[in-house]
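To start, the structure under review is shown below, and the notes come after it.
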Amino acid sequence: MVYGLFAQNTLSLTFKGQDQGNAYFQLDSVRVENLTREWAETIIYPDTEMILLVSVGVDDNDFWRDVLIVPNPFVGNAVLCVGNMQEGPARLKVTDVQGRLCAEYSGVVQSGTNAFAISLTTPQIYFVSIQTERGSKSCKLVNVGYGDANRIALVGHPDMESGQDYMKKQMFESEALFVLGDEMRYTGFATIEGEMRVSEIVTQEQMEDDTIALVFFQDGIPCSNMPTVTDHEGNVYPTIQVGPQCWTAQSMRALTSPTTGTYLLNVTPSQYSFSGKIARWYNNDSTTYAALNYGVLYNWNAVVDTFNTVSGETSVETASSQAVSAVFPDGRRGICPQGWHVPSNAEWSALVNYVKTKEEYFCNYSSLNVAKAFASTTGWTSNSSLCAAGNNMESNNALGFTAYPEGFFGNGAFSSLGMDSTFWTDVGQG
């Protein structure tokens, strides 16, 4: 017979590691966190599945929330820790799914936490029931190995605090209380090309059995299912995966508006203007710079292309300081290819902050020096400063972002070719 204070069932979580193209990665471990109940557990390879015991009623006895099985599933042997017990008689029984008694403990426990060693000889599902004067509780055991005997034995009487330390040493921190709909968070860890990598974090309400893909993004490769993207004029740009983001690896080269087809190129104004949609090649020389895969230099109006009149953007005469206050919840396409958008400040910051977390992109061991990881391997003006893009250009572009030193147009003149690569962002994007 299995004893319990409330009805229970199980929920199975299976984890798999993969890259953005669905290629398999072997998981070293998975951290499982219950954000609702504030517990966490780590499962270690070759385990890729976790069984959660589901509570479907109300537990009126808080002391049962301190029942932990370390680990579960287990390979022949496990430790059962029961906290918040009162001194007195206790009986623990391990039964198989047919209800046959496999192991039993009967004796006196002390107040606080009591630890019991469990060994089982046959890989199968078992139940352990705990009976005291305060009530009864049952838990599922999943044995996947072969212990040396069928037994359960009291092995210690630590207090609660030291009992928790004991359980942590067994790499199990969870109180294991789970209710359908709890908010869960899953993080995978895998060794990829000799480096420990962390997956994208999956956070979701857990309602049913689930197979959870933990994605490890590989930097410097084309974006999944989209190695290139083509703009409205037929210009083709390679794509690049950087963490969870997908970027074009070259600047835009379109010279007409994607929405109206209007020609943007305007070489007559003597200075940068907020008025009109202006786009020009550096030194008005398309022959040289298009061949180098450099981008076109745009003013703000040409970059954003369309305007949000509800937010006060009424025409191309709008100053950029006003234009950027408009909100485009799905991103503003602007000069970009269909399905793409001008990056927001937040997206650009996420890109830079991601790169600053990866030591392989640092120059001189500093996260403050990551410009070389973005910079192209050609075109930069020679510079003797250690971490300048123009110093040892062969070591540039570890990220694959390929930022060319395209310069800019301002104050009536072209300048900074070979020294600067400048990008527009849309701070108003929602």
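The values are calculated or read from the model by the stated rules, or taken from the named source; none is laboratory data. Source: prediction; values computed, not measured. Counting neighbours? That spans all protein chains shown, and the Cβs are built from the backbone with ideal geometry, glycine included. SASA here: full protein model, heavy atoms, side chains in, ligands and nucleic acids out. Shrake-Rupley method; radii C 1.70, N 1.55, O 1.52, S 1.80 Å.
Before moving on, here are some points about what is shown:
- Taking the numbered list (1) under 19 Å from Gly243 (Cα atoms); (2) at pLDDT below 90 in turn, Tyr186 passes all entries but (2).
- Residue match in the stretch 327-342 (condition: outside any loop (DSSP other than H, G, I, E, B), modelled with pLDDT of 95 or more and closer than 22 Å to Leu297 by Cβ): no
- Some residue of the stretch 281-292 being within 33 Å of the chain's Cα centre (by Cα), under 25 Å from Glu406 (Cβ atoms) and modelled with pLDDT of 65 or more: no
- Any chance Ser421 is touching a residue at least 24 places away in the same chain (Cβ under 8 Å), under 28 Å from Ser344 (Cβ atoms) and hydroxyl-bearing (Ser, Thr, Tyr): yes
- Here Ile69 passes the criteria (1) within 40 Å of the chain's Cα centre (by Cα); (2) open to solvent by 30 Å² or more (accessible area, probe 1.4 Å) except the one numbered (2).
- Among the residues examined, Ile221 qualifies as open to solvent by 40 Å² or more (accessible area, probe 1.4 Å), modelled with pLDDT under 95 and out of contact with any helix residue (DSSP H, G or I) (no Cβ under 6 Å at 6 or more places or on another chain).
- Residues in the stretch 202-217 that are in a loop (DSSP other than H, G, I, E, B) and among the acidic types (Asp, Glu) were compared, and the one that is least open to solvent (accessible area, probe 1.4 Å) is Asp209.
- On inspection, Tyr361 qualifies as open to solvent by less than 60 Å² (accessible area, probe 1.4 Å) and modelled with pLDDT under 95.
- Considering only residues in the stretch 125-139 that are open to solvent by less than 30 Å² (accessible area, probe 1.4 Å) and β-branched (Val, Ile, Thr), the one that is farthest from the chain's Cα centre (by Cα) turns out to be Ile130.
- One residue from Ala40, Ala23 being open to solvent by less than 50 Å² (accessible area, probe 1.4 Å), touching an Asp or Glu at 6+ places or on another chain (Cβ under 8 Å) and either at negative phi or of a type in the set (Asp, Glu) (or both): Ala40
- Enumeration of residues in the stretch 364-386 that are in contact (Cβ under 8 Å) with a residue 12 or more places away in the chain, within 20 Å of Gly220 (Cβ to Cβ) and either open to solvent by less than 30 Å² (accessible area, probe 1.4 Å) or assigned to a loop (DSSP other than H, G, I, E, B) (or both): Asn369, Val370, Lys372, Ala373, Phe374, Ala375, Ser376, Thr377, Thr378, Gly379, Trp380
- Any pair with Cβ under 6 angstrom, 6 or more apart, that starts in the stretch 200-227 at a residue that is free of Cβ contacts under 8 Å to residues at least 60 places away in the same chain and ends at one that is among the hydrophobic types (A, V, I, L, M, F, W, C) and open to solvent by 40 Å² or more (accessible area, probe 1.4 Å): Met207/Leu180
- Within the stretch 278-308, the residues that satisfy the criterion of being on the phi > 0 side of the Ramachandran plot and part of a loop (DSSP other than H, G, I, E, B) are Asn293, Asp305.
- Looking across the stretch 387-418, the residues that are touching a residue at least 60 places away in the same chain (Cβ under 8 Å) and of a type in the set (S, T, N, Q) come down to Thr402, Asn411.
- Qualifying residue in the stretch 74-92 (condition: touching a strand residue (DSSP E or B) at 6+ places or on another chain (Cβ under 9 Å), open to solvent by less than 20 Å² (accessible area, probe 1.4 Å), of a type in the set (A, V, I, L, M, F, W, C) and modelled with pLDDT under 80): no
- The set of residues from the stretch 110-124 being modelled with pLDDT of 90 or more and either farther than 16 Å from Leu68 by Cα or loosely packed, with under 15 Cβ neighbours inside 10 Å (or both) comprises Leu120, Thr121, Thr122, Pro123, Gln124.
- Residue, farthest from Trp300 (Cα to Cα), within the stretch 343-353, restricted to residues that are open to solvent by 30 Å² or more (accessible area, probe 1.4 Å) and either outside any helix (DSSP H, G or I) or at pLDDT below 90 (or both): Ala346
- Residue count, the stretch 32-47 (criterion: of a type outside the set (Asp, Glu) and assigned to a loop (DSSP other than H, G, I, E, B)): 5
- Qualifying residue in the stretch 393-411 (condition: in a loop (DSSP other than H, G, I, E, B), closer than 20 Å to Asn301 by Cα and open to solvent by less than 60 Å² (accessible area, probe 1.4 Å)): yes
- Subset of the stretch 108-125 (residues that are more than 20 Å from Asn77 (Cβ to Cβ) and either touching a Ser or Thr at 6+ places or on another chain (Cβ under 7 Å) or part of a strand (DSSP E or B) (or both)): Val108, Val109, Gly112
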